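Single-structure report; data block below.
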Amino acid sequence: MTITIAKIVWLLMAGGWYGLRIPHARRSRKTPIARDAMLWPEKLRLSVSLTGLGIIPFIYVATGAPAFANRGFSPALAALGVVVALAALAMFHLTHKALGRNWSVSLQMRENHKLVTEGIYARIRHPMYSAFWLWALAQALLLPNWVAGFSGIVGFGTLYLLRIGDEERMMTESFGDEYRAYMARTGRLWPKF
């Protein structure tokens, strides 16, 4: 494993994410939105996450900047990063497959929105967030730069911490006792044992 291969893996992970998301985004746009919370705070959270998981690491991969923040490259850590990146993409795939037309990039409820409790959602309430945490971890392992490597943890962590409460409230308001029962039997980011 070399630093060049690690950077290519990061690019492939980002490309794979977009490749998985595009058909689901097209499909879900055909279902009208019944409730939309895409206000400026949500737009700001999404921008911070995109900056940490996309813009900053892309600048590093393309240019090597910021070079002052470089750290020693570890082939073993990068190899672990490949495994974590594959796990992130697998989780993205399972999440999108289960959500179907209910998927949205933001806090939105579609018309005839159903509470999805099958597939990966049978054990985990927010596997999309789990996938993004895996992506952020893979990025930190693959990119030997203190800024670019860890910007995903900071960027996505900000979105997660500022959004998860709103999302759980929206789901509880929309699905009531059904969602409360679902919360009781599932874990937020990993299966409940």
Quiz prompt | Alpha-carbon spread of region 57-127, three principal axes, descending order, Å | solution = 51, 24, 15
Quiz item: Going highest first, how would you order 57-64, 87-94 by mean Cβ packing within 10 Å?
Solution: 87-94, 57-64
Quiz item: Could you give the length gained on full extension between Met183 and Ala87, defined as 0.36 nm per residue of separation minus the Cα-Cα distance, in nm?
Solution: 32.2 nm
Quiz item: With each label point set 7 Å from Cα along the Cα-Cβ vector, what nm distance links Leu44 and Ile8?
Solution: 4.1
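Please give the length that would be gained between Thr63 and Arg123 if that part of the chain were fully extended, namely 0.36 nm times their separation in residues minus their C-alpha to C-alpha distance (nm, one decimal). Can you show the working numbers first?
Working: separation 60, 0.36 × 60 = 21.60 nm, distance 4.10 nm.
Length gained between Thr63 and Arg123: 17.5 nm.
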Practice problem: Enumerate the calculated ³J(HN,Hα) couplings along region 51-56 in order (Karplus 6.51 cos²θ - 1.76 cosθ + 1.60, θ = phi - 60°), each rounded to whole Hz, writing x wherever the residue is Gly or Pro. | Solution: 4, x, 8, x, 5, 4
Quiz prompt | Separation in nanometres of the label points that stand 7 Å from Cα toward Cβ, at Ile22 and Ile164 | solution = 3.2
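Rounded to whole Å and sorted largest first, what semi-axes of the equivalent ellipsoid does the C-alpha gyration tensor of region 124-185 yield via the square root of 5 times each eigenvalue? Can you show the working numbers first?
On the way: eigenvalues 188, 27, 6 Å².
Square roots of five times the eigenvalues give 31, 12, 6 Å.
How long are the semi-axes of the equivalent ellipsoid of the chain, taking √(5λ) for every eigenvalue λ of the Cα gyration tensor, in whole Å from largest down? Please report the intermediate quantities before stating the final value.
On the way: eigenvalues 198, 58, 46 Å².
Taking √(5λ) for each eigenvalue gives 31, 17, 15 Å, largest first.
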Self-check item: Burial order of peptide ranges 4-11, 171-178 (average beta-carbon count within 10 Å, highest first)
Solution: 4-11, 171-178
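Given charges of +1 on the Cβ of Lys and Arg and -1 on the Cβ of Asp and Glu, with all other atoms neutral, how large is the dipole of the chain about its Cα centre, in debye to the nearest 20? Provide the component values of the computation, followed by the final result.
Working: 22 positive and 10 negative charges, 70 e Å.
The calculated dipole for the chain is roughly 340 debye.
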Exercise. Would you calculate, for the chain, the mean residue ellipticity at 222 nm contributed by helices, counting each DSSP H stretch of 4 or more residues as -39,500 (n - 2.57) and dividing by all residues, to the nearest 500?
Key: -22000 deg cm²/dmol
Self-check item: Virtual spin-label span in nm between Trp146 and Ala76, 7 Å along Cα→Cβ
Solution: 2.3
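Any read-out appearing in this document is the output of simple, stated calculations on the displayed coordinates, not a laboratory observation. All figures in this text were calculated on a predicted structure; none of them were measured in a lab. Counting neighbours? That spans all protein chains shown, and the Cβs are built from the backbone with ideal geometry, glycine included.
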